[in-house]
Amino acid sequence: MANKVSLASQIAAVSMFVRGEHVRLNKGQREFMLAHMAAALETLKWLSRNETIIRDFVSAKQGERQ
């Protein structure tokens with residue numbers, strides 16, 4: 001999918017899949033959901049590649065609040 005897919009939309013697609021709601025979708029809806037699931041996969045891969053940086057950033061931010 002060339003356009004960015006919002007995180008909320010990615011979460012909705014994964015939630016639908018987990019609940020088994022994808023089996024009732026028509027072809028166009030399935031393709032739309034599949035594109036959002038693919039975006040979710042890319043987001044998870046990005047998070048995995050950047051996990052240490054993200055954790056360090058969050059820890060530093062939490063340290064600033066204390």
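The values are calculated or read from the model by the stated rules, or taken from the named source; none is laboratory data. Just so it is clear, the model here is predicted, and its values are computed rather than measured. Glycine also receives a Cβ, built like all others from the backbone with ideal geometry; neighbour counts cover every protein chain displayed. Side chains are part of the model used for accessible areas, which takes the heavy atoms of the whole protein and leaves out ligands, DNA and RNA. Shrake-Rupley method; radii C 1.70, N 1.55, O 1.52, S 1.80 Å.
Observations
- For the stretch 9-43, a tally of residues being of a type outside the set (Gly, Ala, Ser) and under 9 Å from the mean Cα position of the chain (by Cα) returns 8.
- Residue count, the stretch 54-64 (criterion: open to solvent by 100 Å² or more (accessible area, probe 1.4 Å) and either touching a Pro at 6+ places or on another chain (Cβ under 9 Å) or modelled with pLDDT under 95 (or both)): 1
- Boolean, ILE11 is in a helix (DSSP H, G or I) and touching a helix residue (DSSP H, G or I) at 6+ places or on another chain (Cβ under 9 Å): yes
Residue by residue, here is whether (1) at pLDDT 95 or above; (2) in contact with a His (Cβ under 9 Å, 6 or more places away or on another chain); (3) surrounded by 11 or more Cβ atoms within 10 Å (Cβ to Cβ) holds:
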residue: MET1; (1), (2), (3): no, yes, yes
residue: GLU42; (1), (2), (3): yes, no, yes
residue: THR52; (1), (2), (3): yes, no, no
residue: GLN66; (1), (2), (3): no, no, no
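Here is a yes/no grid of residues against (1) without any contact (Cβ under 8 Å) to a residue 24 or more places away in the chain; (2) touching a helix residue (DSSP H, G or I) at 6+ places or on another chain (Cβ under 7 Å); (3) of a type in the set (Phe, Trp, Tyr); (4) part of a helix (DSSP H, G or I):
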{"residue": "ASN3", "(1), (2), (3), (4)": "yes, no, no, no"}
{"residue": "MET16", "(1), (2), (3), (4)": "yes, yes, no, yes"}
{"residue": "HIS36", "(1), (2), (3), (4)": "no, yes, no, yes"}
{"residue": "ALA39", "(1), (2), (3), (4)": "no, yes, no, yes"}
{"residue": "TRP46", "(1), (2), (3), (4)": "yes, no, yes, yes"}
{"residue": "VAL58", "(1), (2), (3), (4)": "yes, no, no, yes"}
{"residue": "LYS61", "(1), (2), (3), (4)": "yes, no, no, yes"}
